Structures are given as C-alpha cells and as structure tokens.
Amino acid sequence: TTIEAGDRPLLFPPGFVWGAATAAYQIEGAAREDGRGPSIWDTFARRPGAVAGGDTGDVACDHYHRHRDDIALMAELGLPAYRFSVSWPRVRPDGAGPVNPRGLAFYDRLVDELLEAGITPYATLYHWDLPQALEDRGGWTERDTALRFAEYAGVVHDLLADRVATWTTVNEPWVAAFLGYGSGVHAPGRTSARDAFRAAHHLLLAHGLATGVLREGGARQISLTLNLAPVPTPGAPGDAADAAADLVDALLNRQFLDPVLRGRYPGPVLEQVDRAAGLGHIAAGDLAVISEPIDLLGINYYNPTYVAASPGAPENPAFPGSRGIAFLPAEPPLTAMGWPIDPDGLTELLVRLDRDYPGVPLIVTENGAAFDDVPGPDGRVRDPFRIGYLDGHLRAAHAALAAGVDLRGYLVWSLLDNFEWAEGYGKRFGLVYVDYVDQRRLPKDSAHWFRDVIARNGLGGNTA
Ligand code: GBH
C-alpha cells in the first residue's frame, strides 16, 4: 500500500457488516467434555508429523470455558458481528445417532450472550470437524455423509433459528476435499484424487440438502463460504500458460461456483472427475439440489494462486490433473505463512464474481494474515504489518464497491490467535494475541485500529 493510497479517507455503505471470524476446532478446546465425540481433527492431529509441533485442538483457546470473557472482549473491541462455527461432534457425537443436548446447550448460551452484548451471530455449520464415526464409514467420499449433514443442520437450525439470521452451510469445500482427501495435508489425511472429487461433490450436495432443510425451516439468509482466488493468466489466450491457469481456476473456483450458482460442473472439471473417480457418484438431480438458491455468497480471500506451464512438473495432489503445471513460489512481501500479499487480487475477484455470477450479494467471510507477533514488555502487541494488510484489503474491497459490486460486509480472520490446522499454534492470525500458557488475551494494535475503522465505518486516512 502506498502512502498516497493510505491518505485517502474511504467510507463504506450504511449497514455494511463489520466483524471477525473463528471456527470451533480452532478455538474451543474442551475436546472430551459434555459428551462431545471425536472429530477427524482429533484423530489427525495425533498422527505423527501431521501437525507442526504435535499440537492438537484439545485445549486451543479454551473458548468453550471462556466464551463469556471472549464476548466481553468482542464488545470492547466494538465488533458488530461475529462468525463462529458449530462443532458437529458436539451436537451429534457419532454423526448419525442421538443428539447431545449438552453440546447444543453451549451454542444456545453462546448465541444468547452474543445478542446480549449487541453482537450479530453468523453461524457456520461445517468448518472441517467431521465426526470421526462418519469418517470410519467413508467420510465425505460417501453420499450418506451429506444426508447426515442435512439432519444435523436441521437440528442446529431448529434450536437457533429464532436468534440467528445468517447461516453458512459449509466452509471452504475445496480445502475440506482437496487438502483433506487429495494432498492429505488436512484431516482425514487421505491422498487420492478419486476420494477428493467424491468428497467435493458430497460437500456440495451437503450444502444443497442443508439449504433445503434450512429454507423449509424458514431461513432467509443462507450462504456457503468458498475459498476463492484469482489465477492470473500469464500467457496469451489458448497457449499453454493460459490453459494451465484455466484448469487451476476451474478446479479451485468454478468447481464450486458453477454447480451452486449455475447448476452445472464446468467441462474441464467433469473431465478430471471422470478420469479420477468416474461419474457414478453424481446422481441425476444432484445439481438441482446443489443449485438451490442462496441469499449470500461468503468469500475467504487470502492471495492469488500463480501458475505457469512447465512440461516436467509433477501433479500437485491438491489439483488432480495438474501434471505439467508449476505452482510458482510466492514473491515478497509475504506473511508468516509464506503467502503473498496482494490486495488487488481481492478487487479482481469481487469484480469477476459480480460479472460472472450476477445477482448474488457477496460478503468477505475471511481475510487476514499471520505475522510473527510478540508482546512487548508493556504487554502491547505491535503489529503494523497486519494493519497494513487489512488496510490494503479494505481499500481493495472499497474499490470493488465503487465498481458496483454488491458487497455486504467484511469479517477479519481471526478474532483470536488459534489452532492454525497443520501449522499448529505457531501461526498467529488474531486481532487478539493469545498466550497459550495462561490463556491471557492481549488485543493487538490491529484490534484497536479495527475498532476505529468500525466506529467511523471506513478508513479515515492517515491524518484523520
Ligand atoms: C482458511 O483457510 C480457513 O477457513 C481458516 O480456518 C484458516 O485458519 C485460515 O484460512 C488461515 O489459514 O494453492 O495448494 O497452495 C485458508 C485456505 C489457504 C486455501 C491457502 C488455499 C492455498 C492452497 N487457503 N491455500 S495451494
């Protein structure tokens, strides 16, 4: 971000939703309490070498016990909205048997406390913590898991529908399918293109079936959240580089956007599915279910994906069919994850979605960055890079609004430092620093900065 850009005050539309996000397994802890069943992440985290440092979500931020204090903190930080996820194995420990009232009661209390604090809850039903019992029966590679998900969605919706207006069915099905079942970097750690494509379809089906259940229950704000990224075309139309970018874009973005918003799979995706898995798992009528109208599309944006044609390159297991495509190393500036910082990619993405899939309101459900945050002796956490990252991406979001995109809100990933999946606790995305020794919360400079952004509904410029 240049100094000139930083000087320009920018206001967001009235009613624009500001907030922060978390996910159950990443913050709750209390993994064996009140009847919670094991999830695939409990199992995976115990696999030697799967998670950095051997970290697990057993305790995490202990949010299960500290939710009152955490909500008080959110109120202090002036957050109008909070996106959390519901743990399926807390609500229905083995995924298919009896519902666990004590697990449900936690979300009942959480939502009441949020509303008492004046914070609007945004509930996500699946953020990757599949009940292990369902994985033992095939997990997302089996159609049955989608049917069980729809039942679970109905149970949670029945409980909270009177207080929660906005629902997200599934978070980032690409990650759940292709990192969980393709590259094996995430739970359940399987490595098969066939399994990954089947998982992707069943996650989409789960979304569609749950959308039907929620709609029947009267829900009026139904969404799903996708991890989307521009895949810049390095070459001329039709050349090898352009074809490489198109395939990666199809697998990462259109594989999910097209079924949900157009009722069909893109051709290049179907070709890869057919090659790796056959088409037998895609039943007649599935795409009609998957394309049930949604009211809002959630976008998690971190960075673009850069590729080039490279004849000798081996297949990237997260992108079946990608033999001959190189995934280019990121260029600085980088976050602590090694991810590039490219706010223009967010504008490009939002403008493209508005153009290619018109009529669906958009919300950024995650955007943020990990940096090597360290509290000073005064307990203050100075995180100028995070402020710069968020400032740049808010300007990018504003540019999309100015171009006419119907963007309804922006939620920071994350409220708290938390269990960063395969990276464990070493990578810190929070607006609030968490000391994992004593569970102390320290709002970083970025948290105070964001409170001011929210208070004036935009960026004030350097002198404001
Ligand atoms: C989100 O995932 C999650 O929803 C959240 O739980 C998590 O903590 C947060 O982001 C930070 O990681 O092209 O193979 O290199 C982010 C998922 C990460 C998906 C980077 C695509 C690049 C995959 N994205 N990623 S690859």
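The values are calculated or read from the model by the stated rules, or taken from the named source; none is laboratory data. Here the structure is a predicted model, which is why all the values come from computation and not from measurement. Neighbour counts run over all protein chains shown; Cβ positions are idealised from the backbone, glycine included. Only protein heavy atoms, including side chains, enter the accessible area calculation; ligands, DNA and RNA are left aside. Shrake-Rupley method; radii C 1.70, N 1.55, O 1.52, S 1.80 Å.
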Q. Which of the following residues is β-branched (Val, Ile, Thr), more than 13 Å from the ligand (Cβ to nearest atom) and open to solvent by 30 Å² or more (accessible area, probe 1.4 Å): 437, 432, 405?
A. 437
Q) Tally time: how many residues in region 327-346 are within 12 Å of the ligand (Cβ to nearest atom), of a type in the set (A, V, I, L, M, F, W, C) and either open to solvent by 70 Å² or more (accessible area, probe 1.4 Å) or farther than 16 Å from residue 248 by Cβ (or both)? A) 4
Q: Could you check, for region 259-274, whether at least one of its residues is within 16 Å of the ligand (Cβ to nearest atom) and among the charged types (D, E, K, R)?
A: no
Q: Restricting attention to region 348-382, report how many residues are more than 16 Å from the ligand (Cβ to nearest atom) and acidic (Asp, Glu).
A: 4
**Q.** Matching option when the condition is of a type outside the set (Val, Ile, Thr) and open to solvent by 40 Å² or more (accessible area, probe 1.4 Å), among 321, 278, 218
**A.** 218
Q: Restrict the check to region 164-178 and report whether at least one residue is surrounded by fewer than 22 Cβ atoms within 10 Å (Cβ to Cβ) and more than 23 Å from residue 366 (Cα to Cα).
A: no
Q) Among (1) at pLDDT 95 or above; (2) part of a loop (DSSP other than H, G, I, E, B), which single condition is residue 289 missing? A) (2)
Q. Listed residues 417, 435; which is within 23 Å of the chain's Cα centre (by Cα) and touching a residue at least 60 places away in the same chain (Cβ under 8 Å)?
A. 417
**Q.** Scan of region 179-201 for residues that are open to solvent by less than 40 Å² (accessible area, probe 1.4 Å), part of a loop (DSSP other than H, G, I, E, B) and more than 14 Å from the ligand (Cβ to nearest atom), ordered by number
**A.** 188, 189, 192
Q) Which one is farthest from the ligand (Cβ to nearest atom) among residues in region 221-258 that are open to solvent by less than 10 Å² (accessible area, probe 1.4 Å) and in a loop (DSSP other than H, G, I, E, B)? A) 230
Q: For region 347-356, state whether one or more residues are surrounded by fewer than 18 Cβ atoms within 10 Å (Cβ to Cβ), without any contact (Cβ under 8 Å) to a residue 24 or more places away in the chain, over 24 Å from residue 123 (Cβ atoms) and not basic (Lys, Arg).
A: no
Q. Mind checking which residues of region 292-326 are closer than 19 Å to residue 181 by Cβ and within 13 Å of the ligand (Cβ to nearest atom)?
A. 315, 316, 317, 318, 319, 320, 322
Q.
All but one of (1) part of a loop (DSSP other than H, G, I, E, B); (2) within 16 Å of the ligand (Cβ to nearest atom) hold for residue 389; state the number of the condition that does not hold.
A. (1)
Q | Set 68, 8, 32: member being closer than 17 Å to residue 453 by Cβ, charged (D, E, K, R), away from the ligand (no atom under 16 Å from the Cβ) and more than 23 Å from the chain's Cα centre (by Cα) | A | 8
